[in-house]
Each structure stands twice: as C-alpha cells, then as structure tokens.
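Asker: Pasting in a structure now, in structure tokens, and then I'll have a few things to ask.
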Amino acid sequence: MQAVDGRRIDQFCREEILEPLGMRDTAFEPDRSMGDRLAGVKIRGEDGRFADFAISPPPNPEVYGMGHALYATAGDYLRFLRMVLNHGALDGHRLHSENGVATMLSNHIGALQVPALKTAAPPISADVDLLPGTRKTHGIAFMRFEDGAPGMRGPGSQGWAGVLNTHYWIDPVRDIAAVLMTQSPPFGEPRFLATYEAFGRATYR
C-alpha cells in the first residue's frame, strides 16, 4: 500500500475512509478518550464464570496486520456497512463507484464453496458453520451466503466476523445491515451462535 500510495496504511485509511465516513471512534491506536472506553475481554471458565483474558494487537507495529488492527464501536462499523449497502456512498461522501462495490460483493471463487471451519485452537475458536446448510462463497471483502435463510437473510447477503465474536452482515436484497459485538472467545461457541441466530431472526421480524 505505502509503495503505491506513499502513505502508511493507517494514514490512508484515516484520510480516505474513516474521516469521510464520520467514523470518529475508529483508529489503529486508541487515544485517551477511546482508551477510557475500551471494553475488557472476558473468557468463560469451566465453572461458567467469566475471567479476564489478555489479547490485543501490539501497539505501534512496523506493519499493521489488516485482519486485526482497528479499534472501533458498533455504531462506527455500522456506518461502514451502510456505505457498502448504499453502493459506495454515505451522507454525501462517495468512497467507491457503484461498479466497484458490485465487483467487491460478487462471488470471486466460482464453484468453490466455503466449508465449515475446523478449529486448530479450541480455546480461541470452536468449529464454526455460520448459517449451516446454506451455500457459502467469497467475494473480495466478505463471505457470501448464496442461499436465502427462511425468516432471516436474502440470497447473496454478505458477512464476516472477528475472533471475539464481533459479527456483522449486509443484506442487499432486503436493504439491511446489522452488527452484533461481544468481547469473549472462543469464536463461534454454541451459546453465542444461539444468540446470533436469535438476533438475526429478531432483526427480520
């Protein structure tokens, strides 16, 4: 990115994405006002009680790992999703062309399908199959749910998630974007997935 544009990825994202979208609570390094509001990470022990769990990206790295570099709020992330849902623009600011967003959201792996995800680290992630029984492919940015789910998403909806069970989806057919965030691993554990499904069904009701 820096070799092409001349700016570090954090500067580029701030100037080209975060500021135009009004994502004022999103940053690569939390400032003092954000630090005071950071949610702690909790993990459930065998006795069912939650305990503190230390996990965070290293501060000020030489290179930001783009899968886990941002601090944000659910409201800020929803602004990003609304931009995608609105074909690349939000509140008068255009970030992408409509054709660019259509390309981003299209299937880029052809007949291949995303299988159920098998864990290599059970304390961090369970085995996960989001919307089991539906065909899943992948675009440039998101996993695509090719089939509609009765009472829930339309066909071609998109989504992904973070390891602490921060989930989102975009449904272009039904014009819905949704975010559900927690701060607790393991990713995709059954109790959380039950909450995720209930949240999805309530959204469409």
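Asker: Exactly which GluC sites (Glu not before Pro) in the range 1-78 are in a DSSP loop and have at most 13 other Cβ atoms within 10 Å?
Answerer: Glu46, Glu62
Asker: Let me check I have the definition right: for the range 82-196, take the eigenvalues of the Cα gyration tensor, multiply each by 5, take square roots. What are those semi-axes in whole Å, largest first?
Answerer: 25, 16, 13
Asker: For the range 138-205 and the range 38-97, write down the distance between their C-alpha centroids in whole Å.
Answerer: First find each Cα centre; the distance between them is then 15 Å.
Asker: How big is the accessible area of Ser56 in square angstrom, nearest 10, if you roll a 1.4 angstrom probe over the protein chains?
Answerer: Rounded to the nearest 10, that gives 90 Å².
Asker: Quick one: ranking Asp175, Asp25 by accessible area, 1.4 Å probe, largest first, what do you get?
Answerer: Of Asp175, Asp25, the descending order of accessible area is Asp175, Asp25.
Asker: Kindly list the residues of the range 56-78 that lie in the label zone of Arg37, defined by a backbone N under 16 Å from the point 7 Å along the Cα-to-C-beta vector.
Answerer: Taking a point 7 Å out along Cα→Cβ of Arg37, the residues of the range 56-78 whose backbone N falls under 16 Å are 71-78.
Asker: Full-extension gain between Thr182 and Arg82, please, as 0.36 nm times their residue separation minus the C-alpha to C-alpha distance.
Answerer: Extra length available between Thr182 and Arg82 comes to 34.0 nm.
Asker: Ignoring ligands, DNA and RNA, what accessible area per residue does the range 100-202 give at 1.4 Å, in Å²?
Answerer: 47 Å²
Asker: For the chain, with all protein chains present and a 1.4 Å probe, just round the carbon and sulfur fraction of the accessible area to a whole percent.
Answerer: For the chain, the apolar C and S fraction of the accessible surface comes to 55 percent.
Asker: Let me ask another. Nearest 0.05, what FRET efficiency do Ala198 and Asp127 give at R0 = 22 Å with Cβ-Cβ as r?
Answerer: 0.60
Asker: When the chain is treated as a GNM, springs tying every alpha-carbon pair under 10 Å, which of Asp91, Asp171, Asp76 comes out with the largest mean-square fluctuation?
Answerer: Comparing Asp91, Asp171, Asp76 in the GNM, the peak value goes to Asp91.
Asker: Taking the alpha carbon gyration tensor of the range 65-147, what are the square roots of 5 times its eigenvalues, largest first, to the nearest whole Å?
Answerer: Over the Cα atoms of the range 65-147, the semi-axes work out to 27, 19, 11 Å.
Asker: As an exercise, take the mean of 1/r over every pair of distinct alpha carbons in the range 144-189, invert it, and state the Kirkwood radius in angstroms.
Answerer: Result for the range 144-189 stands at 11.1 Å.
Asker: Direction-averaged shadow area of the convex hull around the Cα atoms of the range 108-174, nm²?
Answerer: With the hull built on Cα positions only, its mean projection is 5.0 nm².
Asker: Pick from Gly156, Gly139, Gly110: which residue has the top mean-square fluctuation in a GNM of the chain where Cα pairs under 10 Å get a spring?
Answerer: Comparing Gly156, Gly139, Gly110 in the GNM, the peak value goes to Gly110.
Asker: Over its Cα atoms, what ratio of radius of gyration to 2.2 N^0.38 Å does the chain give?
Answerer: Dividing the Cα Rg of the chain by 2.2 N^0.38 Å gives 1.06.
Asker: Are there any trypsin sites (Lys or Arg not before Pro) in the range 105-143 that are in a DSSP loop and have at most 14 other Cβ atoms within 10 Å? List them by number.
Answerer: Lys118, Arg135
Asker: With n ≥ 4 as the cut-off for DSSP H runs, can you work out [θ] at 222 nm for the chain, using -39500 (n - 2.57) per run divided by the number of residues, rounded to the nearest 500?
Answerer: The helix contribution divided over the chain gives -6500 deg cm²/dmol.
Asker: Can you work out ³J(HN,Hα) from phi for every residue in the range 154-164, in order, using Karplus 6.51 cos²θ - 1.76 cosθ + 1.60 and θ = phi - 60°, giving whole Hz and x for Gly and Pro?
Answerer: After applying 6.51 cos²θ - 1.76 cosθ + 1.60, I find x, x, x, 5, 10, x, 6, 6, x, 5, 8 Hz.
Asker: Could I ask something else about it? Could you check the spin-label model distance between Ile55 and Thr103? Points 7 Å from the Cα along Cα→Cβ, value in nm.
Answerer: It works out to 3.5 nm between the two label points.
The values are calculated or read from the model by the stated rules, or taken from the named source; none is laboratory data. None of these values were measured; they are calculated from a predicted model. Positions of Cβ are generated from backbone atoms using ideal geometry, with glycine treated the same way; all protein chains shown enter the neighbour counts. Heavy atoms of the whole protein, side chains included, go into the accessibility calculation; ligands, DNA and RNA do not. Shrake-Rupley method; radii C 1.70, N 1.55, O 1.52, S 1.80 Å.
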